[in-house]
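Contents: one structure, followed by commentary.
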């Protein structure tokens, strides 16, 4: 049978990076093996699930490039792909277990169950169900139902031990006396996760269940259900969790944790895809910058570590910067535009009328960008002259050569019809010859004259992109500040 894997999120909001890393490993494994990647929505938690959150999941996965072969939106031969649409299917298999004596109705109240738990703990035993309703007669069941008592349904655990061979964790043995007869349907009639996930995976012919190791404790219960219903047990691969920089479980207190947050900050999907793939997995040649195709070709579960991965925000940012620098000039500009508009630096009309000029500006600051959202900070110099000079700028401007440098530079700029890099360099040489200034007393002073800052884009590109009229206007303003001692 060809490989079939699934990602089954609950629609309760944007996807956490831990969950999307699980989706990504499933995706890479399926693509590497020429199999199918299935999306299934586990929406039985009616209080927390919503259609809006469901749409967010689709958006997050599509943005990241995790296209599914079967599931919501596109359909498939094994649907429905939402659990709330599969109740009739679940009911059929619940009845099968009851009819075969592999499950039973339990009428114990919450208070009774709590009392059992407390007693077991006091006696040093696992707090598991004591089997009180395991052997109820039909008459007793009918009597309880006539009284209006709601029953949960428990799976009857007969095996003393469950053994699994996990692709990542290896051979694992579970003693069933740790949990005993467990609930598969709540008193309100809602089947629980450990039951429905088995039915869904079995009927959708899932061959490999690749999921976080926080699900490892659920596995023995699920294996028991597989066996009781005569289903083939899939291969399991439990991947380690993702930790924050402090080595505790990654959570909101560490910063961005959802795909949407990374997207809004200006991370590129290719960079996040690449980075997440390297959390607890490594390339055979230890490469780090890898395209989707390269990751698909190299991915294998036997290179997944047993150890938890630490989410390094700085490394992700570094990797994102590499992907930004590899974008074409036009594509990078289009990606940056929304951030410039949101900061009020440009309008749609400005972009339409000055796209090439804007692209040149962004190109001059490309190497400074680690996030797309950084663009507003670095490009602001093109839209606004800084007139609140820092101490370093003031120290330079009071030197004897500074005013002559700026006045000569202004005079030379005013003589030309237009600016380009060649003309700019000729002007600078003329200023140097006339004033004798060099080094920072020349270049840094010119930079302050055209921007009011001591740092920024390459000076020749800054001057050319600003254009003659804007440069003249700015240098005059800085000279006015110096003359009036307004700094």
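The values are calculated or read from the model by the stated rules, or taken from the named source; none is laboratory data. Just so we're clear, the structure is a prediction, and the values are computed from it rather than from any experiment. Neighbour counts are summed over all protein chains in view; Cβ atoms, including those assigned to glycine, are modelled from backbone coordinates with ideal geometry.
Taken over the stretch 449-473, the residue count meeting the criterion of being part of a helix (DSSP H, G or I), touching a helix residue (DSSP H, G or I) at 6+ places or on another chain (Cβ under 6 Å) and closer than 23 Å to residue 366 by Cβ is 9. Could you tell me whether residue 192 is without any contact (Cβ under 8 Å) to a residue 24 or more places away in the chain, outside the structural domain of residue 8 (by TED's automatic domain parsing) and either within 23 Å of residue 81 (Cβ to Cβ) or surrounded by 14 or more Cβ atoms within 10 Å (Cβ to Cβ) (or both)? Yes.
For the stretch 470-487, taking the residues that are over 15 Å from residue 405 (Cα atoms) and modelled with pLDDT of 95 or more, the one that is surrounded by the fewest Cβ atoms within 10 Å (Cβ to Cβ) is identified as 473. Residue-level analysis places residue 416 among those that are more than 47 Å from the chain's Cα centre (by Cα), surrounded by fewer than 17 Cβ atoms within 10 Å (Cβ to Cβ) and closer than 21 Å to residue 361 by Cβ. For the stretch 320-361, a residue qualifies if it is closer than 19 Å to residue 63 by Cβ and free of Cβ contacts under 8 Å to residues at least 60 places away in the same chain, and the qualifying residues are 320, 323, 324, 326, 327, 331, 332, 334, 336, 337, 338, 342. Candidates 157, 162: the one that is surrounded by 19 or more Cβ atoms within 10 Å (Cβ to Cβ) and touching a strand residue (DSSP E or B) at 6+ places or on another chain (Cβ under 9 Å) is 157. Scanning the stretch 37-71 for residues that are at pLDDT 95 or above, buried (at least 20 other Cβ atoms within 10 Å of the Cβ) and in a loop (DSSP other than H, G, I, E, B) returns 40, 66, 68. Out of the stretch 419-448, which residues are touching a helix residue (DSSP H, G or I) at 6+ places or on another chain (Cβ under 9 Å) and without any contact (Cβ under 8 Å) to a residue 24 or more places away in the chain? Scanning the stretch 419-448 gives 423, 426, 427, 428, 430, 432, 438, 443, 447. Report whether or not residue 93 is touching a residue at least 40 places away in the same chain (Cβ under 8 Å) and in the same structural domain as residue 235 (by TED's automatic domain parsing). The answer is yes for residue 93. Within the stretch 200-210, not a single residue is touching a helix residue (DSSP H, G or I) at 6+ places or on another chain (Cβ under 8 Å), at pLDDT below 95 and crowded, with 22+ Cβ neighbours inside 10 Å.
The residue that is nearest to the chain's Cα centre (by Cα), counting only those in the stretch 379-394 that are assigned to a helix (DSSP H, G or I) and surrounded by fewer than 20 Cβ atoms within 10 Å (Cβ to Cβ), is 380.
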